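The values are calculated or read from the model by the stated rules, or taken from the named source; none is laboratory data. Computed from a predicted structure; not experimentally measured. Ideal geometry is used to build each Cβ from the backbone, glycine not excepted, and the neighbour counts take in all protein chains shown.
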There are 2 protein chains.
Amino acid sequence: MKVNRDDTIVALATAQGSAAIAIVRLSGSQAIALAESFFYAPGGQTQKRLQDKAGYTVHFGVLKYDNTIIDEVLISLFKAPHSYTGQDSVEISCHGSTYIQQQLLQLFLQHGARMAEPGEFTMRAFLNGKLDLSQAEAVADLIASNSAVSHQVAMQQMRGGFSSKIKVLRDHLINFASLIELELDFSEEDVEFADRSDLKQLVASISGVLQKLLHSFEVGNVIKNGIPVAIVGKPNAGKSTLLNVLLDDDRAIVSEIPGTTRDVIEDEMVIDGVLFRFMDTAGIRTTTDVIEQIGVNKAFEVIKKSAIVIYLFDAHELSSGDLQLEIDLLKEHIGTSQLVIAANKIDIENEADLQAEFANFEEVLYLSAKTQKNTEQLKQRLVSLFDSRTVNATETIVTNARHADSLRKAYDALQNVTRGLNEQLAGDLLALDIRYALDELGSIVGAVTNADLLESIFTRFCIGK
Amino acid sequence: MKVNRDDTIVALATAQGSAAIAIVRLSGSQAIALAESFFYAPGGQTQKRLQDKAGYTVHFGVLKYDNTIIDEVLISLFKAPHSYTGQDSVEISCHGSTYIQQQLLQLFLQHGARMAEPGEFTMRAFLNGKLDLSQAEAVADLIASNSAVSHQVAMQQMRGGFSSKIKVLRDHLINFASLIELELDFSEEDVEFADRSDLKQLVASISGVLQKLLHSFEVGNVIKNGIPVAIVGKPNAGKSTLLNVLLDDDRAIVSEIPGTTRDVIEDEMVIDGVLFRFMDTAGIRTTTDVIEQIGVNKAFEVIKKSAIVIYLFDAHELSSGDLQLEIDLLKEHIGTSQLVIAANKIDIENEADLQAEFANFEEVLYLSAKTQKNTEQLKQRLVSLFDSRTVNATETIVTNARHADSLRKAYDALQNVTRGLNEQLAGDLLALDIRYALDELGSIVGAVTNADLLESIFTRFCIGK
């Protein structure tokens with residue numbers, strides 16, 4: 001990653017492919033001058049000024065090079081520091097032909113701009129203090145968001161919700177750290193500027209917040225990647241039919257809006273704004289057949305990775321006693337996952353009988369995957385299981401593994417501080433651990449950073465952001 | 001296609017998929033009010049005004065609905081009649097998440113906007129007199145353009161080059177038509193306001209222009225769809241290797257610019273800004289084997305559709321005499337296509353010998369598809385064949401089948417006028433044919449139009465344009 005932050009970068013900011021409009025984006029000290037040098041009034045004869053125009057204005061004209069008009073364009077002007085990157089920037093809205101996109105990029109590349117690296121616009125925004133690091137990371141999450149919940153969490157983080165929480169913790173710690181470091185200057189005199197019991201209380205309180213944030217990462221991870229749901233049951237239980245019902249339904253929602261259909265990943269779906277990730281499995285009953293046992297073992301592996309297990313059975317095939325055996329077996333492997341038991345192949349004629357058969361399993365859902373009877377109820381159950389475990393969208397949720405790692409290290413360092421305080425360690429030893437915790441918290445928002453960290457963060461961005 | 005032209009339409013204007021930025025576009029009487037109703041200052045608390053702001057300005061804020069911030073956005077404002085459509089319009093630049101795109105579309109759809117039909121923004125521009133019909137059609141061509149030449153032709157048409165040519169022809173004819181129609185009012189008095197010899201000359205001159213435009217359509221069609229090139233030769237001649245060399249080279253050019261790679265259609269390539277469409281064929285030698293004969297017949301069909309035929313042969317396998325036989329056979333089927341003869345599998349050791357062997361075929365190109373020796377020369381030959389047949393980018397070229405059809409009908413009507421003049425037909429009969437020619441010319445630019453025509457034109461647009 002280039003460290004020069006003033007040279008002019010260019011990239012296509014909109015998605016690949018031909019469309020009505022595409023945006024080519026330039027940022028850097030020469031961005032406006034460069035665009036201006038090819039910019040003419042609509043007639044194509046008179047050159048048009050951009051540099052003396054105000055920011056947040058739009059200008060219509062043509063981009064012309066070598067006597068050839070490349071396109072009629074709208075140029076939006078942003079002047080440092082009042083732009084996304086904090087630098088002079090232009091956004092050129094052109095006709096969305098792939099040919100024109102290429103021509104414009106080539107034009108600017110051949111005249112002093114260079115191709116932006118992934119995330120470089122946002123990195124510049126960070127380097128120019130427009131966003132802190134966790135906010136910058138949330139921009140990538142926001143673009144990747146594919147459900148109401150992941151969108152809300154990323155939006156809150158981008159808008160500084162998480163950052164301000166971290167900032168409060170750091171400010172308290174910094175205050176104590178400086179008092180303790182002051183003591184070191186007077187170490188001959190054996191004074192204590194920092195009240196040890198106050199410090200202990202503060203460390204305990206911060207540790208509590210960190211623990212809560214760390215716990216939220218479990219949820220955050222699930223929000224970002226989808227809640228893993230294992231569908232288990234015997235081969236004839238109707239698992240695939242159920243899966244199709246759930247997924248087809250989702251596809252229908254997506255395609256309600258013409259022009260917005262996206263590639264739907266076969267085994268994911270969004271219900272009420274929550275992303276679920278479904279995993280089909282082989283049957284789970286005990287067997288002496290080795291080949292079948294492999295399939296069963298795989299099913300247990302899937303169950304281990306899931307947050308929710310749907311056990312689906314054919315209500316005509318299974319006796320109440322067998323169901324009990326199956327559930328008992330399942331519960332040995334289910335760990336902390338939530339269990340949903342669903343009786344399949346229910347219809348009006350047999351519903352009452354079957355409900356009587358399984359009357360002592362209160363939690364059984366009676367449905368028919370084929371006729372979609374009560375499948376809506378199943379979805380609501382899934383959503384409620386997620387809700388009850390987890391999410392309050394206004395609460396801060398950590399979704400980023402890097403943040404979780406730093407929070408964990410800061411937490412561990414603070415545990416050392418607590419131990420040190422209990423053992424009445426000298427201030428200089430306490431100061432080391434406090435400093436370490438501060439650095440880790442600082443790295444989350446980018447108050448403490450280095451080139452490698454920035455590179456690893458911004459390379460996961462798309463180009464043009 | 002809806003005919004209401006004032007209601008507010010909305011669409012995604014940028015390409016599908018997640019990216020740094022996406023643009024949602026609104027046009028219609030309520031476009032600005034609708035955007036304003038959800039638009040808040042960045043803090044999310046204070047509502048922001050848009051309706052009292054000037055056109056061609058950009059506004060930063062958040063779109064919020066039901067207490068949920070959907071995104072931080074930039075809104076560009078355009079006020080009637082100074083917009084693309086001629087109506088009040090806004091372009092909302094949001095984070096390019098597919099989720100956010102959908103949310104914004106749904107927000108506006110649920111509050112009074114409707115989804116734009118394909119091409120509806122441009123149709124409104126036409127209906128509001130911002131573009132004539134041939135210019136509007138060129139917008140779609142421009143977006144679809146994939147080579148320098150198709151781009152230039154579409155750009156010239158969009159900027160009114162073709163329209164102004166048609167307009168001049170119509171103005172002259174209208175002048176005469178009104179004089180002749182004036183005669184009809186005085187028909188009892190047998191006067192001639194319109195000088196017949198002047199009219200004859202005018203019709204001849206206009207017919208000449210129309211003929212030239214009609215001829216340009218042959219070229220225009222080829223520019224738009226690519227120049228069809230048949231590669232023929234025996235199975236071991238190295239046709240596929242040659243094709244790969246040509247196509248791979250093209251791919252390398254495309255991928256020079258990170259982020260601009262597009263789906264390359266396997267058998268198309270752009271050389272020096274000209275689009276070629278390659279068609280591989282089976283061998284072409286005469287055979288008594290029925291199955292093989294079918295393949296050969298197919299090869300002849302491909303040759304018939306091509307503008308250029310490359311005959312490739314293995315220089316080690318074919319004698320000079322056999323080559324003559326092959327070429328003679330080929331020429332029976334080649335029609336007006338240009339022929340390029342290429343000797344393959346040439347290297348330094350054998351080059352002189354082989355050139356001697358085929359010395360009496362002056363036009364043979366000596367190359368090696370495998371080592372890419374002289375393949376560049378082959379490409380230049382293809383480009384020069386195109387140039388010599390065809391194109392002067394400043395000349396008007398008809399690329400649209402609808403236009404060609406109207407030009408042909410106008411031309412035929414004018415031939416009737418000429419015949420009528422020679423036979424000294426009465427003015428009212430002449431007037432009929434002149435009127436017909438005028439209508440056909442008028443339909444090209446949309447001076448004469450109807451709903452069906454508009455529908456058939458604009459439905460081939462992408463949504464959002």
_strands (runs of 3 or more DSSP E) contained in the stretch B:6-84 and holding at least 1 residues over 38 Å from the mean Cα position of the chain (by Cα)_ = B:57-65, B:68-78
*Going through the stretch A:414-465 one residue at a time, which ones are among the basic types (K, R) and under 29 Å from A:Q16 (Cβ atoms)?*
A:R460, A:K465
_Of everything in the stretch B:22-64, what is more than 12 Å from every other protein chain (Cβ to nearest Cβ) and modelled with pLDDT under 95? Give them in sequence order._
B:Q45
*Of all residues in the stretch B:77-92 being out of contact with any helix residue (DSSP H, G or I) (no Cβ under 8 Å at 6 or more places or on another chain) and surrounded by fewer than 24 Cβ atoms within 10 Å (Cβ to Cβ), which is nearest to A:L74 (Cα to Cα)?*
B:H82
_Output for the stretch A:406-436, where each listed residue is under 16 Å from A:V448 (Cβ atoms) and polar (S, T, N, Q)_ = A:S406
*Do we find that B:P235 is touching a strand residue (DSSP E or B) at 6+ places or on another chain (Cβ under 8 Å), in the same structural domain as B:D428 (by TED's automatic domain parsing) and of a type outside the set (V, I, T) in this structure?*
no
*asked:* So, in the stretch B:81-124, exactly how many residues are more than 29 Å from A:I271 (Cα to Cα), aliphatic (A, V, I, L, M) and modelled with pLDDT of 95 or more?
replied: 1
*On the given criteria, is A:S97 free of Cβ contacts under 8 Å to residues at least 24 places away in the same chain and surrounded by 20 or more Cβ atoms within 10 Å (Cβ to Cβ)?*
no
*Do you know which residues across the stretch B:142-158 are more than 7 Å from every other protein chain (Cβ to nearest Cβ) and surrounded by 23 or more Cβ atoms within 10 Å (Cβ to Cβ)?*
B:V149, B:S150, B:V153, B:A154, B:Q157, B:M158
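Return the only residue of A:V73, A:V90 being in contact with a Cys (Cβ under 6 Å, 6 or more places away or on another chain), more than 30 Å from A:A447 (Cβ to Cβ) and more than 10 Å from every other protein chain (Cβ to nearest Cβ). Please lay out each step first, then the result.
Details: A:V90 fails: in contact with a Cys (Cβ under 6 Å, 6 or more places away or on another chain).
The conditions single out A:V73.
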*Please tell me if B:A204 is at pLDDT 90 or above and within 19 Å of B:Q424 (Cβ to Cβ).*
yes
*Look through A:L210, A:L214 and report the one residue that is at pLDDT 85 or above, of a type outside the set (G, A, S) and surrounded by fewer than 20 Cβ atoms within 10 Å (Cβ to Cβ).*
A:L214
*What helices (runs of 4 or more DSSP H) lie completely within the stretch B:102-198 and have 1 or more residues being free of Cβ contacts under 8 Å to residues at least 60 places away in the same chain and in contact with a strand residue (DSSP E or B) (Cβ under 7 Å, 6 or more places away or on another chain)?*
B:133-144, B:148-158
_Flag if A:S240 is over 30 Å from A:N422 (Cβ atoms) and surrounded by fewer than 20 Cβ atoms within 10 Å (Cβ to Cβ)_ = yes
*Is it the case that A:L425 is part of a loop (DSSP other than H, G, I, E, B), in the same structural domain as A:V309 (by TED's automatic domain parsing) and free of Cβ contacts under 8 Å to residues at least 12 places away in the same chain?*
yes
_Residue that is nearest to A:A140 (Cα to Cα), among those in the stretch B:1-21 that are touching an Asp or Glu at 6+ places or on another chain (Cβ under 8 Å) and more than 8 Å from chain A (Cβ to nearest Cβ)_ = B:I9
*Among all residue pairs at least 6 apart or on different chains, which show Cβ distances below 9 Å where the first residue, located in the stretch A:267-288, is within 17 Å of A:E326 (Cα to Cα) and the second is among the small types (G, A, S) and at pLDDT 80 or above?*
A:T281/A:A230; A:T281/A:G233; A:G283/A:G233; A:G283/A:A237; A:I284/A:G233
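Report whether or not A:R159 is over 30 Å from B:Y99 (Cα atoms), touching a helix residue (DSSP H, G or I) at 6+ places or on another chain (Cβ under 9 Å) and modelled with pLDDT of 85 or more. Working first, answer last.
On the way: over 30 Å from B:Y99 (Cα atoms): no; touching a helix residue (DSSP H, G or I) at 6+ places or on another chain (Cβ under 9 Å): yes; modelled with pLDDT of 85 or more: yes.
Here the answer is no, as A:R159 does not meet what is asked.
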*asked:* Against the definition (assigned to a strand (DSSP E or B) and at pLDDT 55 or above), how does B:L323 come out, yes or no?
replied: no
*Run down A:A352, A:A359, A:A369 and say which single residue is within 18 Å of A:D314 (Cα to Cα), more than 27 Å from the chain's Cα centre (by Cα) and modelled with pLDDT of 85 or more.*
A:A369
*Taking A:I463, is it surrounded by 15 or more Cβ atoms within 10 Å (Cβ to Cβ), among the β-branched types (V, I, T) and under 19 Å from the mean Cα position of the chain (by Cα)?*
yes
*Restricting the stretch A:108-139 to residues that are out of contact with any Gly (no Cβ under 9 Å at 6 or more places or on another chain) and among the polar types (S, T, N, Q), which is surrounded by the fewest Cβ atoms within 10 Å (Cβ to Cβ)?*
A:Q110
*asked:* So for the stretch B:437-449 (the condition being surrounded by 16 or more Cβ atoms within 10 Å (Cβ to Cβ) and touching a strand residue (DSSP E or B) at 6+ places or on another chain (Cβ under 9 Å)), does at least one residue qualify?
replied: no
